[in-house]
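Here the structure is laid out as structure tokens; the discussion comes afterwards.
Each value in this text was obtained by applying a stated rule to the coordinates, not by laboratory testing. What you are looking at is a predicted structure, and each value in this text was computed from that prediction instead of being measured. Because the Cβ atoms are built from the backbone with ideal geometry, glycine has one as well, and the counts that use them run over all protein chains shown.
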Ligand SMILES: *Cc1c(COP(=O)(O)O)cnc(C)c1O
């Protein structure tokens, strides 16, 4: 059996894979089993922040893996402490809880919000209000948080205590929060899986003011938008927001599984001994990898992300075959005018460029350090296929 047939035979069919097998790569270039070269504008859905097999990341992983690959959280290890300190310095948050994925980072955020409000506002204050068209993960609780009905249908009953409001509609958000005696509002700054849909600055600021006035917690899901992706360390920083809890994952470990829930000083001591835990959370290899990533997300890199972003927006805005360009930083959605996103992506694969989709858009999530000449080559290819 060849690899594709074996995959069909032995792997649960939850992924509609593209007909490409990737065997190796370097930076923003990856190669299939025949040696064909592809420019990677997906970075594993925003995971390989500095590309594939990045030297600095690799050295950090190798160095740690030859010392100790795992210890239980019952003992101290240096990489997770160093990473937590770095994340707090870069975000102004107080403490960090480590897990292994975006969904888990959100689960922790939800647990913190529930316990905090149970202690402050009483046991009836538990509902988390999220937005329609949001995406917060695949576990039963984060599915309940996800504001898209079609993800819910086959998996009832989901965890209770979630409600959804239309984005950009403050009146509806206020009404839903009031009706449900909400504990927290949870948002993505840019709805990624929902089609690279940014929330407006006016709406975000109104949400911040509303939660503050009503003593609700603000949870920002930065699983996709975090760690330099939008041209700031975290996307909420583009608007000067002050979230109480921030969840992140994808690009944090640069390709190893790692989730982090950043807790503001207000909620940092909500969870105590035994309230939460994770066997693999804060794994020293994942954390050493993440330290090598986070240390390099400095002002120079963020400036480069913003410059490349501005150039890509310029290239596609008003270009032939383009209906709309959305997003921020190197998280960009392109809505084709006539073709479907799937058709554009298939044509680009033929030409050696890998892109993602999000709803009706072609979604680009290249490595933060994609070289200019590689980016330019890829954009020319996409323009030719729109
Ligand atoms: C990908 C994603 C998640 C889920 O992350 P996993 O690591 O797949 O669990 C949650 N929220 C957002 C905004 C995401 O983009």
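Brief remarks on what is shown
- Within region 88-114, backbone nitrogen closer than 13 Å to the virtual label 7 Å beyond the Cα of residue 70 toward Cβ: 100
- The helix-only estimate of mean residue ellipticity at 222 nm for the chain, built from DSSP H runs of length n ≥ 4 each weighted as -39500 (n - 2.57), is -11000 deg cm²/dmol after division by the residue total.
- Computed from Cα positions, the angle between helix 372-385 and the longest principal axis of the chain comes to roughly 80 degrees.
- DSSP beta bridge pairing in region 68-294, given as percent antiparallel to the nearest 5: 40
- By the count of neighbouring beta-carbon atoms within 10 Å, fewest first, 57, 372 end up ordered 372, 57.
- Multiplying the residue separation of residue 350 and residue 372 by 0.36 nm and removing their Cα-Cα distance gives an extension gain of 5.7 nm.
- Here the simple spin-label model places points 7 Å from the Cα toward Cβ, and for residue 53 and residue 7 these points are separated by 1.9 nm.
- Shape class for region 68-294, computed from the alpha carbon gyration tensor (a ≥ b ≥ c): prolate, with a/c not under 1.5 and a/b above b/c.
- Shape call, region 183-321: gyration tensor on alpha carbons, a/c limit 1.5: oblate
- Using a simple spin-label model with pseudo-atoms 7 Å out from Cα toward Cβ, residue 148 and residue 169 lie 1.9 nm apart.
- Residues 298, 5 arranged by fewest to most Cβ contacts within 10 Å: 5, 298
- Across the chain, counting alpha-carbon atoms alone, Rg and Dmax equal 20.7, 62 Å.
- The DSSP beta bridges internal to the chain are antiparallel in roughly 65% of cases.
- Helix 284-294 vs. the chain, principal-axis angle (Cα, 0 to 90°, nearest 10): 80
- The length gained by stretching the chain between residue 78 and residue 273 to full extension, at 0.36 nm per residue less their Cα-Cα distance, is 68.2 nm.
- 236, 151 arranged by Cβ crowding within 10 Å, fewest neighbours leading: 151, 236
- With Cα atoms, 0 to 90° folded angle of helix 341-350 axis to the chain main axis: 40
- If the chain linking residue 319 and residue 210 were pulled fully straight, counting 0.36 nm for each residue of separation and taking away their Cα-Cα distance, it would gain 35.3 nm.
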